[in-house]
Every structure is written in C-alpha cells, then in structure tokens.
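Let me begin by presenting the structure, written as structure tokens, before commenting on it.
The values are calculated or read from the model by the stated rules, or taken from the named source; none is laboratory data. Because the structure is a prediction, the values reported are computed rather than measured. Using ideal geometry, Cβ is built from the backbone for each residue, glycine included, and neighbour counts are taken over all protein chains shown.
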C-alpha cells in the first residue's frame, strides 16, 4: 500500500471516523468530505473538506486530489458524481453497484434473477397491489421505501388490510414501494465480506444480530450455526461479491428461516454496524480490510482474537445536548472498550457510540458488555 495514495471518503459519520482511525494505523492518507462541521470523522487526523455534497465545484476540486474514492454510506447522488469524477479516478464500490443497492426493489430483482434466496417480494405501487400480494403471502406484510431507508426508517410492518389502507391513505409520496412477505425468522445474522480488484475475497465470522424497530441493538460473534449452515452463508456472500464484481467490504444481512435455510434480507455496500466488534475482535478489522481492498492491497486475516465477541450500541433515549458519565469505568472494570462518536446531541434511537467486549464464548462476551453498559449514563445537559 503506497504512502502516496490518498483515499477520499464521501461522508463524515461514525463509519468514516472508524475508517480514518484505521487509516492512521496503516499510515494511509485519508481525506473526508462532509457538510456537518461537528461530524464524527472530523475528530480524527484525516484531512477534511467541509462542504455540501451538492456543491459541484467543491466536490470536483476535492475529487481531483484523490487516488481512490470510497463512501461512508450508499446515500449519494451518483448522477452528480458521474458529472464530477475526473478521468482515471478509482471508485469503490462502483457507482453501478451503488445504483443497484440504493433501490431496494432493483436489489431484490437482481438477487432473485441470479438465484439467491430472498423472501417473496413484489413492487407495490398502490394499496390494491400491496393487498393482493398480502392475500397471496399472508399477514403481516412488510413494506419498504425503495430508497433512503436505514435503521428502521422506511420499513413498515402492517398487520391487516385495514392498517394497510390507512397507511396508503396517509402516505404523501407517490413512489412505489417494495412489498415483502413477513419472515418469522429464528435468528437474524450478518456477515461482512471483502473483495479487492484482483478478485481476492475474504469473509469475517458470521454474527448474530438483534434489532428493535429496525435499529441494531447488539451483535455477537460467532453466531451459533452448524458447519453446513455457516458454509452456505459464506459461499453466498462470496458469490454475491463475485457477481457484482464488488470491491471493498459489503455486509449481507440474512434471516434464518423457521423451516431451515437462509434468506437474504438486504445488502449494504460498506462497512457495517454489525461488524464493529472486528476492531478488537479480529486480526484485521472491517475498517482496515475495506481500506486494504479499495487500495488493492492483500486482504488481512479475519481470524477471531477471542473465542467470543459482543457489541452493544449506545443509543440516545432523549432529544438534545447531553453529557456522558462513567466512560472511564468501562475498561477499568470490564474486558470491554468504549467507542464514542462525539456527536453533540442525543436523539431517540440515535447511535452515539458502541461497546465491545470479549470472553470465552459469545454469550460470556455479551454478559460482559451488558455489565459494562451499566457503567454508562447519558444525562441531558444545557
């Protein structure tokens, strides 16, 4: 990996912050482009451009100074980027891959056509189409906004036809939705998988995740799976990266179906919340692996450093400024580390940081994480 390489990260949230921290350890030059002056990534040593992502002149000038462009998240204007990209700039993941993943319906069609296992789905332009699909698949019904949904935003679980009709009557957007059959899963799992431009592919351990209202609360690794099931998941993840010719780290979120087998829920073309445990838990973190992949370096080992790992998100439970108490007690009293994102204000369900803990099993690691979480107190401040 050349020291003369400059990796640009479009977006400055906590994922960009942890990418920039990994870049420091690799002695890799990173530049972050972000509009918010208080963004988490601006609390690192990365060079920065504070500007609107819609400012084509500033964006174009920033892109001119990069060797590689990557993204904190997939919610970018690919049309504007195509207008601004200088010739020869390497972009990972590709804009074509982002176009596909940005639209949840296109994503599902793509996966289905290639034979990947997904829940039954259909485009739902109106209440009648959604109700017809529910009549085939049964209630409850899952509806998803095709674009810009994350952390539970843009996902709706409707229990019956009356609730569905009321939802459409109150909905303001004319855009069609993705309708999916509800999956009464036995477990939600995720796997991070990396690929570099030379086609080297590497999977991280599979994690069990727990969500409430679409927001991840915790993850623990390795997930309790049989060897055949684990092999099926890693084969699926590798096939996905090859089919997309993807470069970087992607996350594949999946359901363990009640009748057995795996169903792919969604793809994320980036480092992912469910992989935060890898910073302390794996020989190579997902953040370092992503940087290795996009700079076409050899991928690192994803071997677990402890038999069990757990991660708990620290979520806001009120609106407004806050202060954090007890942070110094986490590592003093527990086999755990706190990562704080330096956000100025709390919000209900807002991710403010995370705790990682380790143990002889993933269950023991989770017990340590829960005990460490009790040390922390978020208090409103003026």
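Residues of region 303-318 that are in contact (Cβ under 8 Å) with a residue 24 or more places away in the chain, part of a loop (DSSP other than H, G, I, E, B) and within 21 Å of the chain's Cα centre (by Cα): 316 alone. Residues of region 45-55 that are in a loop (DSSP other than H, G, I, E, B) and surrounded by fewer than 21 Cβ atoms within 10 Å (Cβ to Cβ): 45, 51, 52, 53, 54, 55.
Here residue 27 fulfils each of the conditions (1) surrounded by fewer than 23 Cβ atoms within 10 Å (Cβ to Cβ); (2) touching a residue at least 40 places away in the same chain (Cβ under 8 Å) apart from (2). Go through region 372-382 and give me each residue that's surrounded by fewer than 19 Cβ atoms within 10 Å (Cβ to Cβ) and touching a strand residue (DSSP E or B) at 6+ places or on another chain (Cβ under 8 Å). Result: 377, 378, 379, 380, 381, 382. Scanning region 11-24 for residues that are surrounded by fewer than 20 Cβ atoms within 10 Å (Cβ to Cβ) and closer than 25 Å to residue 82 by Cα turns up just one, 13.
Residues considered: 117, 140. Of these, the only one that is within 30 Å of residue 284 (Cβ to Cβ) and in contact with a strand residue (DSSP E or B) (Cβ under 7 Å, 6 or more places away or on another chain) is 117. Quick check on region 319-363: of everything there that is part of a helix (DSSP H, G or I) and without any contact (Cβ under 8 Å) to a residue 40 or more places away in the chain, which residue is surrounded by the most Cβ atoms within 10 Å (Cβ to Cβ)? It comes out as 331.
Exactly one residue out of 15, 28 is under 25 Å from residue 77 (Cβ atoms), modelled with pLDDT of 95 or more and not assigned by TED's automatic domain parsing to the domain that holds residue 296, and it is 15. Applying the criterion of at least 2 residues that are closer than 27 Å to residue 155 by Cα to the strands (runs of 3 or more DSSP E) found wholly in region 169-286 leaves 177-181, 187-195, 207-212, 215-221, 248-256, 262-268. Scanning region 56-76 for residues that are buried (at least 16 other Cβ atoms within 10 Å of the Cβ) and part of a loop (DSSP other than H, G, I, E, B) returns 66, 67, 72, 73, 74, 76. Filtered by the rule that a residue be farther than 17 Å from residue 146 by Cβ, in contact (Cβ under 8 Å) with a residue 40 or more places away in the chain and buried (at least 17 other Cβ atoms within 10 Å of the Cβ), region 90-118 gives 90, 92, 93, 94, 116. Got at least one residue in region 287-302 being in a strand (DSSP E or B), within 27 Å of residue 194 (Cα to Cα) and in contact with a strand residue (DSSP E or B) (Cβ under 7 Å, 6 or more places away or on another chain)? Checking region 287-302: not a single residue is in a strand (DSSP E or B), within 27 Å of residue 194 (Cα to Cα) and in contact with a strand residue (DSSP E or B) (Cβ under 7 Å, 6 or more places away or on another chain). Would you say residue 71 is more than 30 Å from residue 6 (Cβ to Cβ) and in contact with a strand residue (DSSP E or B) (Cβ under 6 Å, 6 or more places away or on another chain)? It is false that residue 71 is more than 30 Å from residue 6 (Cβ to Cβ) and in contact with a strand residue (DSSP E or B) (Cβ under 6 Å, 6 or more places away or on another chain).
Among residues of region 149-169 that are in contact (Cβ under 8 Å) with a residue 60 or more places away in the chain, those with a beta-carbon under 8 Å from a residue that is in a loop (DSSP other than H, G, I, E, B) at least six positions away or on a different chain give the pairs 150/73; 150/75; 151/214; 151/349; 152/213; 152/214; 152/349; 153/214.
Only residues that are in a loop (DSSP other than H, G, I, E, B) and touching a strand residue (DSSP E or B) at 6+ places or on another chain (Cβ under 8 Å) were counted across region 26-35, and they come to 2. Here residue 137 meets each of (1) surrounded by fewer than 20 Cβ atoms within 10 Å (Cβ to Cβ); (2) at pLDDT below 95 with one exception, condition (2). Taking interchain pairs and intrachain pairs at least six residues apart, which have beta carbon atoms under 9 angstrom, with the first residue in region 276-295 and free of Cβ contacts under 8 Å to residues at least 24 places away in the same chain and assigned by TED's automatic domain parsing to the domain that holds residue 195 and the second surrounded by 24 or more Cβ atoms within 10 Å (Cβ to Cβ) and in a helix (DSSP H, G or I)? Close Cβ pairs (under 9 Å, with a partner that is surrounded by 24 or more Cβ atoms within 10 Å (Cβ to Cβ) and in a helix (DSSP H, G or I)) amount to 284/278; 284/292.
Surrounded by fewer than 16 Cβ atoms within 10 Å (Cβ to Cβ) and farther than 19 Å from residue 13 by Cα: is that true of residue 253 in this structure? Considered against the rule, which asks whether it is surrounded by fewer than 16 Cβ atoms within 10 Å (Cβ to Cβ) and farther than 19 Å from residue 13 by Cα, residue 253 comes out as no. When residue 215 is tested against the conditions (1) out of contact with any helix residue (DSSP H, G or I) (no Cβ under 8 Å at 6 or more places or on another chain); (2) outside the structural domain of residue 129 (by TED's automatic domain parsing); (3) surrounded by fewer than 16 Cβ atoms within 10 Å (Cβ to Cβ), the lone failure is (3). For residue 87, indicate whether it is part of a helix (DSSP H, G or I), surrounded by fewer than 16 Cβ atoms within 10 Å (Cβ to Cβ) and free of Cβ contacts under 8 Å to residues at least 12 places away in the same chain. No, not satisfied.
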